[in-house]
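Please read the structure below before turning to the comments.
The values are calculated or read from the model by the stated rules, or taken from the named source; none is laboratory data. The structure displayed is predicted, hence computed values, not measured ones. Glycine gets a Cβ as well: all are built from the backbone with ideal geometry, and neighbour counts include every protein chain shown. Calculation scope for accessible area: heavy atoms of the full protein, side chains included, ligands and nucleic acids excluded. Shrake-Rupley method; radii C 1.70, N 1.55, O 1.52, S 1.80 Å.
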Amino acid sequence: MTKNYLKIAFRNLWRNKTASFINTFGLSIGLTCCLLMGIYIQHELNYDRFQKNGSRIVRVIMEYKFDGGSEFKKGNFTSVRVAPVFKQTFPEIESGVRMVNYNRVVQYQNKLIDEKAFMYADPDFFKIFSFNVTKGDPGSLLNAPHKVVLTESSAKRYFGNENPVGKSLKLTADSILYQVTGVMQDCPSNSQIKFDFLASFSSLGLAGQEKTYWDANYTTYFLLKDQGSINTLQSKITPFMKKEMAGQGASVDFFLEPFTSIHLHSEFDGFEPNNNIKYIYILEAVALLILFIACFTYINLNTARSVERAREVGVRKVIGAGKMQLFWQFMGESAILCAISTIISLIAAVLLLPAFNQLTEKQLSIQAIFSAQFIGGLILVTILVSFLAGIYPALILSNFQPVKVLKGSFKNTVSGQWVRKSLIVFQFSISVLLIVSTFIIQKQLNYIRNKNLGYNRDRVLVLPMSKKMLDNIAVIKQEFKSDRHIQNVSACVSTPVSIGGGYNMRSSVMPENQQIAVTANPIDDDFVKTTGLQLVAGTDLSEQDIKDVSNKDQNQNTYHFILNESAAKELGWTPERAIGQKMFLDASRPGYVKAVVKDFNFESLHHPIKPLVLFPEIAGRQLLIKISGDHIQQTITFLGSKWKTLVPDRPFEFHFLDEDFNKLYNSEMRLGTVLNIFSGVAIALACLGLFGLSAYAAKQRVKEIGIRKVLGAGVDNIVATLSADFVKLVFASVVVSTPLAWWLMNEWLQDFAYRITINAWVFIAAGGTVILIAVLTVSIQTIKAAMANPVKSLRSE
Amino acid sequence: MEAPMIKITDLEKFYRTEEVETIALNKLSIEVKTGEFVAIMGPSGCGKSTLLNILGMLDDPDEGSYVFNGVEVAHFTERKRADLRKHNIGFVFQSFNLIDELTVFENVELPLIYTGVPSAERVKRVEEVLDKMQIMHRRNHYPQQLSGGQQQRVAIARAVVNKPKLILADEPTGNLDSSNGNDVMELLTDLNEQGTTIIMVTHSEHDARYSHRIIRLLDGQTVVENIMI
């Protein structure tokens, strides 16, 4: 019996090549999308799960406010004081680790490499986190200054196959030798803590700073004795901090975040950008929707084709087949088709994985696909899809009455058409939804790209600076500027793309114990010119202003501040009135307002513009070089050769400022690309189904077409008649999905402080596109049917 | 006297659409004895096919009684009808109704599969019947590769492979030329002589002459019964 089913299933698939192809192709694409998404989602959901202590680790979030200000500032930073003090005070804490990541130029023999992931951590790092140390004594890896553990990749990069333990690397920043104490496996790709080097925190020489909760530039993690104690501990921290901060003119509090929920749920990044659980849900939904579209195509084609199979069903029933036997025969066919599609999609997923990795910027491995868990899930999905796609056609087919199907012309039932129409509407609603979303996301991304941010990020090179370079900055600037294509050079701490430095400010009329939290950035006298900021009042910084803050005796320094409009407003001044006003940036920097710049977006467009102070200080960490844009290659070559002589201790590694900018919207751009692809796939699949359906509709109505032609209808009339049914359905889909798309996209846009408004044209354009594609798809079939000779079709009945 | 194989009494069948009710069978009563060869004739729309469908338990009557081998089957459930059908009745159609995706052998084997005959036995019986129908050499061909006459022979082979007591033939020669048509009628006659009861619907007076008795229908009623000599 089974053999007979299989045989007829295969032969049927083979005979009806178009339908089989459409079905297999559709299901394969649907399953491939699901597979790839599945791997990705699994990877994201498994983030940090390899940490054996994961459920007991918490990250410390700092929140602070100055007494005069109204705004709380919050972030994943703490001072070096938190870890030792908390560990001593709260018995719930088993151990703590402070970490910070820097760019460091590492030198070994003739190798000089700018390392972007040079991490510092306390010795308990390896007690708290589960990273596999392969060489070295785990107890003493980081227990003294200037010890460093390498990952296997970085060990290979510097030492090849030699054993690096015991050897030394030089950090050019302080010319200090770091002794390699161990080697560990590379950080897994699903780890929020990623680095190439891990050096002892004590190397930073910060013991003296353990008195203050300020200078919060480090990340602190605690390992709790008991994972349940997080709330108890939290409730003790707030009163404790009240005591600690009493009389200091500010309030500081700390919050504990469960380590394993950081990657998908926290608003603050780990040591790499977080993902957003919302995007995971979106991708899950999209993958499922695509699978649904494929299933519905299968259902539609098979119920439409049921006319063709009706005779077979009739014959089988007459010969003695029971309803259940036929039901299982047809279910078997859908199972076979799904199994074939699953195999194809597995192959496709393996082939597409590299491209998919590029798209997602992940290193998902093929092994993930072939894990028992995944294959088990895949088998389950295959069975579910077989049922979802197969059950309705199987029910319809096995219910046919032989009396009705064996004689006379058998037509599909009205109820069957109703189901088919609903499924088409559903498919196209999904397509329209995806296309509208894609349009809006692209529009928002375009808006971001083209928005005037208030500074100019074109043709600005960014180079990380070392302390040594600062001593020599005047010469470096002058040498660079000797090329006429180099317009300006500026040293600053943060580029205008992303300024995050937390300070507080006070005007001289405010009481001394009141402060306003403010973002600030140390700059030099070329910053405004280099970045193209617009002065609305006052004058730009001068060389003298830099000298005024470079006194040997710091108490003699006088600062000349540049405020943005928001900061001036916050302090109660108009831009014009602000000029010359006395103010303080932190208590340690007294000075006067020298200029006010137009507000510019110094954070991602997710956030509104906040108060900002730019102040002169020789503290540059980034060198910005504005070039003219003519002969870019020569200019860069010139810079490179100058760099070698001027900055021998650093490699010449630069990037452009707009790359920094683009990074701010990485996850949105990725979402945009993924949705681009998926909405393309969705509309293609929906049209594939429509193509098949219109073919069968044309076939079924061949007699009607013949009669119409005999009666004088032209090809255009007939095409219109045949297409009308489908176009109506697609139009209904547009109507159905419009409100949903509007609501969803509106929600998404809420995440941006600066956003587009959704216009009606997006829906008109998306709807128009879908209808056009649908009409074209249907026309292929209807034109063919309409052109046929009616004599033939009428005789064949 | 031997009980008839088929006894229908006052059989009625209506077809209803929203506005019109058509009477297909109007208080029809017929008896068919075991071993008989009966032809049913009449103009289009007289109810021949409806009668055949009811006799073949593909359809149920609205009113009246249908006793098959002493069992009242008029209101059997579909499942019970199907069960009775597959063990007792073979069908031959005008348009052959072979399954295109299956070979000759597989088409003939199908009824045996549905009645649960074991595989080895199936092969034996299919070969036997194909041999008898002289289409053994075509066993691995598909229906489209055969002539109409050959196709109908396969269909007859399929109808008899389960050794049914009754064969219902619906214009078995309707799609065949006269030579092939005569062959098919010879086959049916042979089967009848070996004891199978045959009821055949036909338009052809020529074919009807092969039967023992002709029942002529008009508007769902028996008009006349001719006994053939």
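Assorted remarks:
- Altogether, the Stokes-Einstein calculation at 37 °C and 0.692 mPa s, with the Kirkwood radius of the stretch A:1-157 over Cα pairs as Rh, returns a diffusion coefficient of 150 µm²/s.
- Rg followed by Dmax, in Å, when the stretch A:63-118 is reduced to its Cα trace: 18.1, 54
- Paramagnetic label zone (point 7 Å from Cα along Cα-to-C-beta, A:ALA285; backbone N under 13 Å) in the stretch A:655-683: none
- Net charge over other residues, Cβ less than 13 angstrom from the Cβ of A:VAL80 (K, R count +1; D, E count -1): +1
- With eigenvalues of the C-alpha gyration tensor scaled by 5 and rooted, the stretch A:90-139, Å: 28, 15, 8
- Scattering from chain A was approximated by placing one identical point on each alpha carbon and applying the Debye formula without solvent; log10 I(q)/I(0) at 0.08, 0.11 1/Å stands at -0.85, -1.26.
- By the Kirkwood approach, averaging reciprocal distances over each pair of separate Cα atoms, the stretch A:179-316 gets a hydrodynamic radius of 21.4 Å.
- C-alpha long axis of helix A:760-787 to longest principal axis of chain A, angle in °: 30
- Semi-axes of the equivalent ellipsoid for the stretch A:585-727, Cα gyration tensor, largest first, Å: 67, 23, 14
- Take the Cα of A:ASN472, go 7 Å toward its beta carbon, and the backbone nitrogen atoms of the stretch A:100-138 under 16 Å from that spot belong to A:105.
- Local net charge near A:THR637, Cβ-Cβ under 12 Å (Lys/Arg +1, Asp/Glu -1): +1
- Sulfur and carbon atoms: percent of accessible area, the stretch A:511-571 [1.4 Å]: 39
- Relative pair counts by distance (%), Cα atoms of the stretch A:34-77, 10 Å bins: 22, 24, 24, 20, 9, 1
- Largest to smallest principal axis extent of the C-alpha atoms in the stretch A:350-497, angstrom: 99, 40, 22
- Karplus-based coupling profile of the stretch A:242-257, in residue order and whole Hz: 4, 5, 4, 9, 3, x, 9, x, 7, 10, 10, 9, 10, 10, 9, 10, with θ = phi - 60° in 6.51 cos²θ - 1.76 cosθ + 1.60 and x standing for Gly or Pro.
- For the stretch A:29-107, the fraction of 1.4 Å probe accessible surface lying on carbon and sulfur atoms is 47 percent.
- Ignoring aspartates and glutamates fewer than eight residues from A:LYS703 along the same chain, the ones with Cα atoms less than 13 angstrom from its Cα are A:GLU797.
- Between helix A:306-319 and chain A: long-axis angle, C-alpha atoms, 0 to 90°, nearest 10: 60
- Spatial separation of Cα centroids for the stretch B:106-180 and the stretch A:445-463, in angstrom: 80
- Label-point gap, in nm, between A:ASP658 and A:PHE240 - each point 7 angstrom along Cα→Cβ: 5.0
- With the simple model of a label 7 Å out from the Cα in the direction of the Cβ, A:GLN554 to A:THR2 spans 8.2 nm.
- For residues of B:73-79, the mean tally of beta carbons on other chains within 10 Å: 1
- Spatial separation of Cα centroids for the stretch A:231-281 and the stretch A:652-699, in angstrom: 36
- Given R0 = 35 Å, the distance between the Cβ atoms of A:SER422 and A:LYS278 translates into a calculated FRET efficiency of 0.75.
- Label zone (A:MET324, point 7 Å along Cα-to-C-beta; backbone nitrogen cut-off 15 Å) within the stretch B:142-165: none.
- Calculated translational diffusion coefficient of the stretch A:692-755 (20 °C, 1.002 mPa s; Stokes-Einstein with Kirkwood radius over alpha-carbon pairs) equals 144 µm²/s.
- Euclidean distance between Cα centres, the stretch A:567-584 to the stretch A:123-149, Å: 51
- Loop-located GluC sites (Glu not before Pro) in the stretch B:1-76 (DSSP state other than H, G, I, E, B) with a sparse environment of at most 10 neighbouring Cβ atoms within 10 Å: B:GLU2, B:GLU18, B:GLU19.
- Difference of contour (0.36 nm per residue) and Cα-Cα distance, A:PHE72 to A:ASN746: 239.9 nm
- Estimated FRET transfer efficiency (A:ASN46, A:GLN700; beta-carbon r; R0 60 Å; 0.05): 0.75
- Using the 1.4 Å probe convention, the accessible area of chain B works out to 44 Å² per residue with neighbouring protein chains retained.
- The alpha carbons of the stretch B:1-126 occupy a box of 50, 41, 28 Å along the principal axes, longest dimension given first.
- Annotation for the stretch A:527-561: trypsin sites (Lys or Arg not before Pro) lying in DSSP loop with at most 11 further Cβ atoms inside 10 Å of their Cβ are A:LYS552.
- Too-long pairs where the Cα-Cα distance tops 22 Å, listed order kept, from A:LYS404/B:LYS48; A:LYS87/A:LYS127; A:LYS73/A:LYS243; A:LYS170/A:LYS362; A:LYS278/A:LYS443: A:LYS170/A:LYS362
- D (Stokes-Einstein, µm²/s), Kirkwood Cα radius, chain B, 1.567 mPa s at 4 °C: 72
- Carbon/sulfur fraction of accessible area - the stretch B:31-87, other protein chains in place, 1.4 Å, %: 49
- Panel note: the C-alpha atoms of the stretch B:105-188, placed on their principal axes, show extents of 38, 28, 18 Å (largest first).
- Computed over the stretch A:471-512, the ratio Rg/Rh where both radii use C-alpha atoms and Rh is Kirkwood: 1.23
- Once the Cα atoms are used to define both axes, helix A:715-749 deviates from the longest principal axis of chain A by about 30 degrees.
- Computed from protein heavy atoms with a 1.4 Å probe, the total accessible area buried between A and B is close to 2400 Å².
- Overall, the anisotropy analysis places the stretch A:112-228 in the oblate class: the square-rooted eigenvalues a ≥ b ≥ c of its C-alpha gyration tensor yield a/c not less than 1.5, with a/b not exceeding b/c.
- Both radii come from the Cα set of the stretch A:455-597: Rg as radius of gyration, Rh as Kirkwood radius; their ratio Rg/Rh reads 0.97.
- Annotation: amide H of A:HIS485 has no partner in the under-5 Å range at sequence separation 5 or more or interchain, hydrogens built in the peptide plane.
- Column: log10 I(q)/I(0), Debye, Cα scatterers of the stretch A:179-219, q = 0.30 Å⁻¹: -1.11
- Three-way shape call for the stretch A:734-786 based on the alpha-carbon gyration tensor, with the a/c threshold at 1.5: prolate
- Remark: the stretch A:195-275 projects, on average over all directions, an area of 7.4 nm² (convex hull of Cα atoms).
- Set of aspartates and glutamates with alpha-carbon distance to A:LYS317 below 17 Å, sequence-local pairs under 8 removed: A:GLU308, B:ASP59, B:ASP60, B:GLU78, B:ASP83, B:ASP100, B:GLU101, B:GLU106, B:GLU109, B:ASP170
- Spread of Cα-to-Cα distances over 5 Å intervals beginning at zero, given as percent, for the stretch A:258-384: 2, 8, 11, 16, 16, 13, 10, 8, 6, 4, 3, 2, 1, 0, 0
- Extension gain for the segment A:LYS644 to A:GLU63, taken as residue separation times 0.36 nm less the Cα-Cα distance, is 204.8 nm to one decimal.
- Inter-label distance for A:TYR108 and A:ILE379, nm, one decimal - labels placed 7 Å from Cα along Cα-to-Cβ: 4.6
- Scattering profile of the stretch A:240-300 at q = 0.26 Å⁻¹ [log10 I(q)/I(0), Debye over alpha-carbon scatterers]: -0.99
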